[in-house]
Amino acid sequence: DVKVTQSSRYLVKRTGEKVFLECVQDMDHENMFWYRQDPGLGLRLIYFSYDVKMKEKGDIPEGYSVSREKKERFSLILESASTNQTSMYLCASSLTGTGLTLSYQPQHFGDGTRLSIL
Amino acid sequence: GQNIDQPTEMTATEGAIVQINCTYQTSGFNGLFWYQQHAGEAPTFLSYNVLDGLEEKGRFSSFLSRSKGYSYLLLKELQMKDSASYLCAVRARTDKLIFGTGTRLQVFP
């Protein structure tokens, strides 16, 4: 079974702090993703990475950055936390399929980090 | 633009059948996924459709019509543990998924 582990289930930080959310997967997946999930808005993609040291902006990258120095680890950084970044953050990973399995590979999610910014 | 619509909430009775609809308008289509998410937990993968038709997996089935931009998830013989949110997601291109806002299903005895 795929295991995606997020470093914290709950986190409380203060406005202006630099916040690091860590995610590790154990299945050698090429692709990793960071989402935030808010009531009524669903999952929104912040950043994703399809290889080590590669990153692409998702739909809502403002106020965030990411780091992928090793294949198994994908970090989300809130440069200067603000109250509107209070949310549930979900990390996911997936394999890049080839040929007939190209589009089949599902994303596997971690349990999420509920982040509160005071 | 990219848009995925699904009902916000549904209720059903234990033992019944429920159908959760999803309509989408995306630039490109490379498959549609359904995920289940219990409160406070991670979304878990349920089903995948890329060709038109019905895919059956035990009590759960998923249907796709690409020409209509439409899918549904069918849950049979409902159980209390099926109370959860069900997320519809479309892979428009590459490995990115676009998610709907989810349908919260409550199953009553």
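Bear in mind these aren't lab numbers, they're just calculated from the coordinates by the rules spelled out. All values reported here derive from a predicted model rather than from experimental measurement. Counting neighbours? That spans all protein chains shown, and the Cβs are built from the backbone with ideal geometry, glycine included.
Some notes on this structure:
- Amide hydrogen neighbours beyond the local backbone of B:Gly31, cut-off 5 Å, H modeled: B:Arg91
- Charge context of A:Gln25, other residues only, Cβ under 12 angstrom, K/R +1, D/E -1: -1
- With neighbours defined as other Cβ atoms within 10 Å of a residue's Cβ, the residues A:Lys70, A:Lys13, A:Lys57 order from fewest to most as A:Lys70, A:Lys57, A:Lys13.
- Counting Lys and Arg as +1 and Asp and Glu as -1 over every other residue whose Cβ lies under 12 Å from the Cβ of A:Cys91, the net charge comes to +1.
- Tail beyond 18 Å, pair distance distribution of the range B:60-109 (Cα, percent): 42
- Spatially proximal lysines relative to A:Lys70 (Cα-Cα < 22 Å; intrachain offsets below 8 disregarded): A:Lys3, A:Lys18, A:Lys53, A:Lys55, A:Lys57, B:Lys96
- Reported to the nearest whole Å, the Cα centre-to-centre distance from the range B:42-81 to the range A:1-58 is 27.
- The range A:10-93 - Kirkwood radius from inverse mean 1/r over Cα pairs (Å): 13.0
- Karplus-derived HN-Hα couplings along the range B:17-31 (A = 6.51, B = -1.76, C = 1.60, θ = phi - 60°), whole Hz, x at Gly and Pro: 10, 10, 10, 10, 8, 9, 10, 9, 9, 9, 8, x, 8, 9, x
- Computed from backbone phi with θ = phi - 60° and the Karplus coefficients 6.51, -1.76 and 1.60, the 3J(HN,Hα) list for the range B:102-109 is x, 10, 8, 9, 10, 9, 10, x Hz; x is used for glycine and proline.
- Here's the list of lysines a cross-link from B:Lys76 could span, going by alpha-carbon distance under 25 Å and ignoring same-chain residues fewer than 8 apart: B:Lys57, B:Lys68.
- Cβ-based net charge around A:Val4, under 9 Å, with every Lys or Arg adding one and every Asp or Glu removing one: -1
- By the count of other C-beta atoms within 10 Å, a proxy for reagent exposure, B:Tyr86, A:Tyr50 are ordered fewest to most as A:Tyr50, B:Tyr86.
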